[in-house]
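The values are calculated or read from the model by the stated rules, or taken from the named source; none is laboratory data. This structure is a prediction, so every number in the text was calculated from the model and none was measured. Virtual Cβ from ideal backbone geometry, glycine too; neighbours counted across all protein chains shown. Quick note on the areas: whole protein, heavy atoms, side chains included, nothing else; ligands and nucleic acids left out. Shrake-Rupley method; radii C 1.70, N 1.55, O 1.52, S 1.80 Å.
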Amino acid sequence: MSTKIIVSYDGTANEDDAIALGGLFGRAGAEVALAYVRHSHEEDRQRETLAEAEAHELLKRGLELLGDPAAATHVVTDRSTPEGLAALAQAEGADMIVFCSDSHTAKGHVAIGNSAQRLLEGGSTAVAIAPVDFAEREPSAVRRIVAIGDAEGGARETAAALAAGLSGEVTPVANEDADLLVIDSRAETEPGRVSISASASYLIDVATCPVLVLPRGKRLEFDGARTASRASV
């Protein structure tokens, strides 16, 4: 079964980058949905109806950017964005949540925002983060995928699945030529949970390409290669 992805989207600075990264995973064969987290209900019924309509209109714009009008959208109400997204992922059986970088990040770089950070500290879904300006790049240029981890993690298998779905290759070195980093949680992490080592955190800090952090022992499937094969028959 292919990976199910939720893209966190609220239309603010850098959020288009998260949409672009979600679209990349979609092209690899993942099922992509968009989610917007509201932090409270309006007590007045009319104002609540208006706020809900505005949220759906925002997600409609996100679908236009994604280029998939049939993709699912979700409006969640929760005081905590990461908790709301985590609950939605559990309810929908999603494997990954995609974020943009923090709003103060330099162009071309990755920075972990508050919501992503919370889910990187014991969460149960994979977390992907797009660099600033990723939406302005050529998505087809994502070819060199680097797996960072050990044999007991899922980074190698996930990187291989992404490479097959994107007609790319798995390369051994995380340098400036890398187009995507796939990172295992550290070895002592509870299976199925996310926790990154200091070295992995450093790699994210200096990265100029998207990063994907996996729960311990989790590997993700992408059926883009099979889809392309069926389409060519």
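Check which residues have an amide H placed less than 5 Å from GLY113's amide H, if you skip close sequence neighbours.
When sequence neighbours closer than 5 places are left aside, the close amide H contacts are ASP102.
Sorted by average packing, counted as other Cβ atoms within 10 angstrom per residue and highest first, what order do 38-46, 61-69 take? Kindly include the intermediate steps, with their values, before the conclusion.
Working: 38-46: 10.8, 61-69: 15.9.
Averaged packing, sorted descending, gives the order 61-69, 38-46.
Kindly write out, for the stretch 105-115 in residue order, the coupling ³J(HN,Hα) from the Karplus curve 6.51 cos²θ - 1.76 cosθ + 1.60 (θ = phi - 60°), rounded to whole Hz, with x marking Gly and Pro.
Calculated HN-Hα couplings, in order: 6, 5, 4, x, 10, 10, 9, 7, x, 4, 5 Hz.
In the chain, what % of DSSP beta bridges are antiparallel (nearest 5)?
Counting DSSP beta bridges with both partners in the chain, the antiparallel share is about 10 percent.
Which whole DSSP H helices in the chain pass both tests: a Cα extent of 18 Å or more along the axis and a mean Kyte-Doolittle value no lower than -1.0?
Helices meeting the criterion: 15-27, 45-66.
From Cα pairs below 8 angstrom and at least 6 apart in sequence, can you work out the relative contact order of the chain, rounded to a whole percent?
In percent, rounded to a whole number, it is 22.
Spelling out what I want: for every residue of the stretch 70-80, take phi, set θ = phi - 60°, compute 6.51 cos²θ - 1.76 cosθ + 1.60 (Karplus), and round to whole Hz; glycine and proline get x.
Computed from phi, the couplings for the stretch 70-80 are 8, 5, 6, 10, 9, 10, 10, 10, 7, 4, 10 Hz.
For ALA106 and SER124, compute 0.36 nm times the residue count separating them, minus their Cα-Cα distance, and round to one decimal in nm. Kindly include the intermediate steps, with their values, before the conclusion.
Working: separation 18, 0.36 × 18 = 6.48 nm, distance 2.88 nm.
Value of the extension gain: 3.6 nm.
³J(HN,Hα) across the stretch 186-195 via Karplus (A = 6.51, B = -1.76, C = 1.60, θ = phi - 60°), whole Hz, x for Gly/Pro?
5, 4, 7, 6, 4, x, x, 10, 9, 6
Determine, from the Cβ-Cβ distance of THR77 and ALA151 and an R0 of 45 Å, the FRET efficiency 1/(1 + (r/R0)^6), rounded to the nearest 0.05.
Approximately 0.60, to the nearest 0.05.
Under the rule a/c < 1.5 gives rounded, and otherwise a/b versus b/c splits prolate from oblate, where does the stretch 106-196 land using the Cα gyration tensor?
Because a/c hits 1.5 or more and a/b fails to exceed b/c, the stretch 106-196 counts as oblate.
Given H placed on each backbone N at 1.01 Å, which residues far from ARG38 in sequence or on other chains put an amide H within less than 5 Å of it?
So ARG38 has HN proximity to VAL76, THR77, ASP78.
Using only Cα positions of the stretch 8-123, each an equal point scatterer, no hydration layer, compute I(q)/I(0) via Debye at q = 0.09, 0.14, 0.18, 0.20 Å⁻¹ and quote the log10 values to two decimals.
Once normalised to I(0) and log-transformed, intensities are -0.24, -0.59, -0.98, -1.19.
If you count, for each residue, the other Cβ atoms within 10 Å and average over each peptide, how do 176-189, 140-153, 16-29, 119-132 line up from highest to lowest?
Listed from highest to lowest mean packing, they are 16-29, 119-132, 176-189, 140-153.
Working out 0.36 nm times the residue gap between GLU57 and ARG143, then minus their Cα-Cα distance, what length gain in nm do you get to one decimal?
Computed gain between GLU57 and ARG143 is 27.6 nm.
Using a 1.4 Å probe over the heavy atoms of the protein chains, calculate the carbon and sulfur portion of the accessible area of the stretch 105-216 as a whole percent.
47
If I compute Cα extents along the principal axes in Å from the structure I just sent, which labelled value in (1) 56, 45, 34; (2) 62, 28, 28; (3) 56, 51, 35 lines up?
Correct label is (1).
How much length would be gained if the chain were fully extended between ASN114 and ASP205, taking 0.36 nm per residue of separation minus their Cα-Cα distance, in nm to one decimal?
Working: separation 91, 0.36 × 91 = 32.76 nm, distance 1.43 nm.
Length difference between fully extended and current span is 31.3 nm.
Separation between the GLU136 and ALA13 pseudo-spin-labels, each 7 Å from Cα along Cα→Cβ, expressed in nm?
My value for the distance between the label points is 1.4 nm.
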